[in-house]
Each structure stands twice: as C-alpha cells, then as structure tokens.
Amino acid sequence: MESNKGALPTRSEIDDKYKWDLEDIYKEESLWEEDLQKAKGMVKKLELYSGKLAEGVVYLKECLGLNAEISKLSERIFVYARMRRDEDNSKAQYQGLTDRASLFLTESASVSAFIDPEILEMDESKLNNFRMSEKSLDVYSHYFHNLLRTKIHTLSHKEEKIIAMTTEFSDAADDCFTMLNNADIKFPMVKDDEGNEVELTKGRYITFLESDDINVRREAFKAIYATYKSYKNTLASTLGSNVKCNSFYSKVRNYSSCIEAALDSDNVALSVYDNLILAINNNLPTLHKYLNIRKKLLGLDELHMYDVYVPFIDVPKKKIPYEDALKMVEDGLKPLGEQYLSDLRKGFASGWIDVYENQGKTSGAYSWGAYTTHPYVLLNYQGTINDVFTIAHEMGHALHSYNTDKTQSYVNSHYKIFVAEVASTVNELLLMNYMLSNTSDNNEKAFLLSRFIDEFRTTVFRQVMFAEFEKNIHSTYEKGDALTCDKFCEIYYALNKKYFGDTIVSDEEIAMEWARIPHFYSSFYVYKYATGFSSAVAISTAILNNEENAVENYMKFLQSGGSDYPIELLKITGVDLSTPTPVEDAMTVFAKLINDLEAII
C-alpha cells in the first residue's frame with residue numbers, strides 16, 4: 001500500500017486487490033486485436049448502405065442497426081485502450097493502443113458520416129412512413145427528433161465526411177495537455193507537516209493545502225504554480241488551440257458562437273447559462289461572508305488563496321483506511337434503498353475500482369466504461385475525508401451508468417453530461433447528511449458544515465467562475481483578439497478577484513490556475529457541475545424528507561439514460577432547470593448552512 005512519504009510507487013508495487021479488473025473487458029490483448037479487426041470489417045459493410053437509405057425502410061433499419069453495433073464495439077475497444085494507458089501514461093505500449101483505437105474511431109466516423117445527411121435529405125413524410133411501417137425503428141425516436149431539430153446545423157454528406165476526418169487531430173490540444181500534465185511535467189520536492197522532503201504531485205497537492213502549517217500550504221502553492229508557469233507558453237498554446245478548434249466547428253455548423261454550439265448539443269438555451277452566472281454573481285456577498293468566517297476562525301491577518309482548503313475547525317486528523325471509507329459510503333446511501341445498496345456493494349467487490357496513485361497514473365478521479373462492460377472507477381485515494389466523498393461521487397456516476405445500461409437500449413444509453421453530475425452529487429449530499437446526523441459533537445458538526453459549504457464553493461461558485469472564464473476567452477477570440485498567456489492570466493485573475501472579493505489576497509500565482517484545469521479541454525462542461533449540484537440539492541432534499549415517490553422517481557431518472565433531452569429527464573424528479581428556481585433554492589440552502597455554522601462556532 002502506498003504511503004504519503006517519498007516517491008510514488010510503481011504500478012507493480014500496488015496490491016492487485018486495489019486495482020480495477022480490465023480483464024473483464026479483454027482477458028488478453030489478442031482479443032482486443034480480434035475485436036478491432038472485426039469492427040473494421042463491419043465498417044466496410046456499412047459503406048455499402050451509402051446512397052440507399054431512402055430506397056426502402058429495410059436499408060434504413062439495417063444501416064442504423066449496424067452502425068449501433070459498430071459504435072458499441074468501438075466503445076469497448078477504445079475504453080480498454082485508454083484505461084490501460086491511464087494506469088501508466090508513460091507506457092508506450094498503451095499509448096500505441098490508444099492511438100490505434102482513436103484512429104479507428106476517426107475512420108469509422110468518416111464512413112458513417114453519410115447517415116445523418118441522407119436521412120435529412122428525405123422528405124419528412126417519407127421518413128415518417130418508414131417509421132410507421134417498421135416498429136423496430138421506435139428505439140430511434142429521440143434520435144430522429146433531435147436530428148430534425150438540428151437540421152440547419154447538419155451539412156452535406158461530403159462535408160460531414162470531411163468534418164469526421166478531422167476528429168483525430170481535433171483532440172490534439174487535449175492530447176498534448178494530457179501527456180504534458182500526466183506524463184512529462186515534474187514537480188519539485190516540498191516539505192510535509194513533519195518536515196520530510198516529499199515529492200509534490202497533483203494528487204497530493206490538495207492534501208498539502210489542507211495542512212495546518214501555513215508554510216506547507218504556501219510552499220506547495222508556490223511550487224505548483226511556478227512549475228506550470230515554466231510551461232506557460234506551451235500551455236497557452238494548447239488551450240488557445242482548443243478555443244480555435246471550437247470556433248472552427250461552430251462556424252462550419254452555422255452557429256453564431258462557440259457557446260451556442262456547445263449548449264445546443266443538449267438542447268439547452270443560452271439563457272440557462274447566463275442566468276446561472278447572474279444568480280451566482282448576485283450571491284457573491286454570501287460567499288464573501290463565509291470567507292470572512294474562515295479568515296476569523298483561522299486567526300489570520302490575511303486570507304490567501306492557499307488558505308481556502310485547510311479545515312478551520314479543530315478536528316483530530318486521521319487517515320481513513322480505504323475499507324472504512326467504503327463502509328461509510330454504504331451507510332450514507334441507505335436512503336436510496338436496498339437495490340441501490342446491493343449494486344453498490346457489487347461494485348466495491350468486483351474489480352470496478354482502481355484505488356491508489358502510482359507513477360504515471362492519470363490524476364484525479366473518474367467513472368467510465370462501455371455499454372458491454374460494467375462501469376469502472378479511477379481514484380487516487382489518499383485517505384482523507386475528501387477522498388471518501390470522492391468514492392461516493394464516482395460511484396454515483398457508475399451506478400447511473402449501471403442502471404441506464406440495464407434498462408435502455410444501446411441507442412438510448414448515453415446520458416448527456418448535463419445530467420451526469422446529478423447522480424454523483426446526490427450521493428455526496430446523502431453522505432453529508434448521514435455524517436451530520438450521526439454526530440452530537442458541535443465541533444465535528446461545525447467541521448462537516450464547513451465542508452458542506454466548501455462543496456458549494458467548489459462545485460457551484462468555483463465552477464461558475466470557470467464557466468465565466470470559458471465564456472470570456474471564447475468571446476475574446478471571436479472578437480478577433482489574440483489568446484496569449486498574458487491574456488489568459490489577465491482574464492482569470494480579474495474573475496478570481498471578483499468571485500473571492502476583498503476578504504482574500506488574490507496571490508499573483510493564482511493567475512496561472514487556468515493552466516492546470518483539464519476540464520477546459522471539454523469546453524463548456526463545467527457549468528453543468530453547478531446546474532447538476534443545484535438539481536441534486538433538490539432531489540436529495542426530497543429523498544431525505546420522504547416525499548412521495550421521491551426514491552422511485554429518482555431511480556426512473558437513473559434508468560432513463562439518453563432517452564430524452566436532459567432538462568426533460570430531470571423533470572422526472574420534479575426539477576425544472578428551464579427556470580431559475582433550482583439554482584435560487586440551492587443558494588438559499590447555502591445561506592442557511594452559513595447561518596447554521598455561525599450559530600455553533
């Protein structure tokens with residue numbers, strides 16, 4: 001087991017019981033090769049349908065069915081390759097596998113590019129007649145609806161094929177950032193709480209910022225941003241290239257802006273994004289009130305950016321063994337019912353999770369998988385209370401996918417990112433409620449309340465700040481201004497000062513924070529954390545209040561996958577994000593938590 005001392009262990013030094021079981025996807029690499037060749041053969045068959053979809057319903061049915069099977073198999077091929085690479089990004093073998101899988105996805109997308117344009121070229125009455133005469137096409141109802149809705153943004157067969165051919169190199173900025181951030185960049189040694197020289201890593205960074213010793217926090221903060229600053233021109237180039245790529249696709253698809261193109265994929269109005277930013281900006285004084293409390297309780301003359309993660313309630317520090325963390329998560333999620341708990345325990349015991357950090361492993365945490373596999377979860381577990389919540393969070397994602405894949409056809413199995421953070425956050429909120437309800441110690445309760453408040457700060461306020469940054473850098477480019485490192489820093493630093501206010505010292509190093517945020521390469525993603533968190537507050541509140549059918553409706557939501565637009569699916573749970581109500585209600589909860597904290601400190 002990896003300790004928090006010295007250099008990181010290699011992959012082989014981690015006990016197998018703490019590694020995910022990718023052999024559940026392919027027992028040996030030769031089977032991966034077989035599937036890749038099989039998929040290539042299927043793609044050749046798909047080409048034969050080009051130009052024939054309007055000739056008869058049988059061609060349409062067979063083409064869509066074959067395309068779904070290719071996609072299903074391709075997903076399995078890519079997921080295996082990329083997750084093998086994520087185990088150790090320095091291994092050329094799995095870099096190669098991932099590159100081959102990516103190349104095949106590009107080739108497959110290029111071949112299948114004829115499908116949407118051919119369907120749209122049909123008379124709508126003809127398509128409706130096909131659908132009425134062939135009930136097996138019912139599974140594609142949402143697909144057809146969305147296709148017709150976005151007709152103005154779908155190009156000709158030839159143009160769509162050209163665009164599909166760009167897929168591989170359109171991810172170049174993300175790929176370059178990923179390799180730099182996970183494989184090449186090296187951080188210095190810093191001193192831990194006991195004065196030991198320890199390698200600074202992305203996984204350990206937040207642990208250092210939670211140190212009681214301000215010198216440890218400050219040194220880690222300055223070290224990580226000094227390291228990123230030494231790569232500032234490369235990092236500005238990768239992020240700038242990503243923005244330019246977004247601009248290209250939005251223009252060729254006849255959108256007025258990058259943000260409009262991004263939101264339209266979820267059928268979300270721009271007003272939802274703008275209203276979210278407005279609502280959070282209007283509640284910044286409440287955040288500043290909390291920062292004042294933090295400053296006072298930490299006993300600091302000045303509150304710095306490296307002081308916003310350290311717990312300010314005196315709770316004995318303990319490292320939570322991984323097995324204990326699993327039990328805590330299970331107990332916290334009991335309100336979701338026995339079936340959910342049974343699936344949760346299955347995930348814990350069946351090789352779904354890769355637990356500890358090792359050299360070359362992808363940082364952070366995620367849940368992923370393919371329709372034909374069970375879900376997987378990547379962790380970099382350090383034993384903190386935050387890591388316990390991360391388990392709950394990622395298992396929320398995993399069981400969302402697990403429930404969807406058991407219920408929906410492959411065609412309707414891919415839920416949108418817009419709703420993806422709901423299930424993960426519901427789990428976190430239920431775990432928080434469990435912990436608050438099972439302590440009579442005011443000091444411990446204050447600690448948990450402060451953590452809950454910090455969840456709002458990081459998942460709502462911080463993510464909306466990121467969302468505003470993304471909007472600003474894209475609009476800057478669209479106005480014709482250059483995206484240099486200085487420009488990124490200028491925009492980011494100004495937003496940081498606005499969001500955190502005068503209570504805190506906006507250290508100059510924080511201007512480089514944009515350089516280490518992977519989500520900026522999945523553009524206009526982060527706002528969905530805030531909308532998802534707000535939705536989760538409403539859903540978890542209904543469950544904990546034992547509102548009629550709250551659990552049943554929530555399970556229906558988990559099983560709904562991508563069978564409708566995300567805002568419509570959330571309405572199953574009673575949440576309507578087309579109105580500002582969920583975000584405003586979440587802000588009311590945020591204010592109440594701060595008042596509750598003030599009352600007991």
Taking the range 297-321 as the search range and keeping residues that are modelled with pLDDT under 95 and not in a loop (DSSP other than H, G, I, E, B), which one is farthest from TYR492 (Cα to Cα)? LEU297
Going through the range 17-34 in order, the residues found to be assigned to a helix (DSSP H, G or I), surrounded by fewer than 17 Cβ atoms within 10 Å (Cβ to Cβ) and either touching a helix residue (DSSP H, G or I) at 6+ places or on another chain (Cβ under 6 Å) or not hydroxyl-bearing (Ser, Thr, Tyr) (or both) are LYS17, GLU23, ASP24, GLU29, LEU31, GLU33, GLU34
Run down LEU120, LEU73 and say which single residue is farther than 30 Å from TRP514 by Cβ, among the aliphatic types (A, V, I, L, M) and at pLDDT 95 or above. LEU73
For LYS406, the lone unmet condition from (1) part of a helix (DSSP H, G or I); (2) touching a Ser or Thr at 6+ places or on another chain (Cβ under 9 Å) is (2)
The helices (runs of 4 or more DSSP H) lying wholly within the range 133-205 that contain at least 1 residues that are closer than 19 Å to PHE520 by Cα and modelled with pLDDT under 95 are 167-170, 172-179
List pairs: first residue in the range 383-400 and farther than 14 Å from GLU421 by Cβ, second residue of a type in the set (D, E, K, R) and not in a helix (DSSP H, G or I) anywhere in the structure, Cβ distance under 6 angstrom, at least six positions apart or on different chains. GLY383/LYS319
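State all residues of the range 33-42 that are free of Cβ contacts under 8 Å to residues at least 12 places away in the same chain and within 30 Å of the chain's Cα centre (by Cα); if no residue qualifies, say none.
As a first pass, look at the range 33-42 and keep what is free of Cβ contacts under 8 Å to residues at least 12 places away in the same chain: 33-34, 37, 41.
The answer is GLU33, and nothing else.
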Given the structure, is SER367 at pLDDT 95 or above, outside any helix (DSSP H, G or I), of a type in the set (Gly, Ala, Ser) and touching a helix residue (DSSP H, G or I) at 6+ places or on another chain (Cβ under 9 Å)? yes
Matching residues in the range 451-483 - criterion: being crowded, with 17+ Cβ neighbours inside 10 Å, more than 24 Å from SER256 (Cβ to Cβ) and hydroxyl-bearing (Ser, Thr, Tyr): THR459
Within the range 132-153, considering residues that are more than 27 Å from the chain's Cα centre (by Cα) and of a type in the set (Val, Ile, Thr), the one farthest from ASP264 (Cα to Cα): VAL139
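Might you let me know whether the range 67-77 holds any residue that is of a type outside the set (Gly, Ala, Ser) and closer than 18 Å to GLY351 by Cβ? Full working, then the answer.
Initial filter on the range 67-77 (of a type outside the set (Gly, Ala, Ser)): 67, 69-70, 72-73, 75-77.
In the following step, the residues that additionally are closer than 18 Å to GLY351 by Cβ were identified as 76.
Yes, there is a match, as at least one residue in the range 67-77 is of a type outside the set (Gly, Ala, Ser) and closer than 18 Å to GLY351 by Cβ.
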Out of (1) part of a helix (DSSP H, G or I); (2) within 30 Å of SER211 (Cβ to Cβ), the one ARG345 does not meet is (2)
Quick one: what pairs do we get from the range 43-70, first residue under 16 Å from ASP138 (Cβ atoms), second part of a helix (DSSP H, G or I) and polar (S, T, N, Q), C-beta under 9 Å, 6+ apart or different chains? VAL57/ASN129; VAL57/SER133; LYS61/SER136; GLY65/SER136
Is it the case that some residue within the range 346-368 is surrounded by fewer than 18 Cβ atoms within 10 Å (Cβ to Cβ), without any contact (Cβ under 8 Å) to a residue 12 or more places away in the chain and either aliphatic (A, V, I, L, M) or out of contact with any Lys or Arg (no Cβ under 6 Å at 6 or more places or on another chain) (or both)? yes
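Is it fair to say ASN246 is touching a Cys at 6+ places or on another chain (Cβ under 7 Å), polar (S, T, N, Q) and either part of a helix (DSSP H, G or I) or modelled with pLDDT under 95 (or both)?
yes
Going through ALA398, ALA325, ALA392 one at a time, which residue ends up being assigned to a helix (DSSP H, G or I), buried (at least 19 other Cβ atoms within 10 Å of the Cβ), among the small types (Gly, Ala, Ser) and over 20 Å from the mean Cα position of the chain (by Cα)? Write out each step before concluding.
Working: ALA398 fails: over 20 Å from the mean Cα position of the chain (by Cα); ALA392 fails: over 20 Å from the mean Cα position of the chain (by Cα).
Every option except ALA325 fails the conditions.
Can you name every residue in the range 207-228 that is in a helix (DSSP H, G or I) and free of Cβ contacts under 8 Å to residues at least 60 places away in the same chain?
The initial filter retains those residues of the range 207-228 that are in a helix (DSSP H, G or I), namely 207-209, 214-228.
Across the range 207-228, the qualifying residues are PHE208, ASN215, VAL216, GLU219, ALA223, THR227.
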Set LEU569, LEU577, LEU544: member being more than 19 Å from HIS397 (Cα to Cα), buried (at least 19 other Cβ atoms within 10 Å of the Cβ) and more than 18 Å from the chain's Cα centre (by Cα): LEU577
When you check TYR80 against the structure, is it aromatic (Phe, Trp, Tyr), crowded, with 17+ Cβ neighbours inside 10 Å, within 29 Å of the chain's Cα centre (by Cα) and outside any helix (DSSP H, G or I), yes or no? no
Report yes if ASP99 is charged (D, E, K, R) and without any contact (Cβ under 8 Å) to a residue 12 or more places away in the chain, otherwise no. yes
Only unsatisfied item for THR384, checking (1) surrounded by 20 or more Cβ atoms within 10 Å (Cβ to Cβ); (2) modelled with pLDDT under 90, is (1)
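The values are calculated or read from the model by the stated rules, or taken from the named source; none is laboratory data. Keep in mind that this is a model prediction, so the values were computed, not measured. A quick note on method: Cβ atoms are made from the backbone with ideal geometry, for glycine too, and the neighbour counts reach across all protein chains shown.
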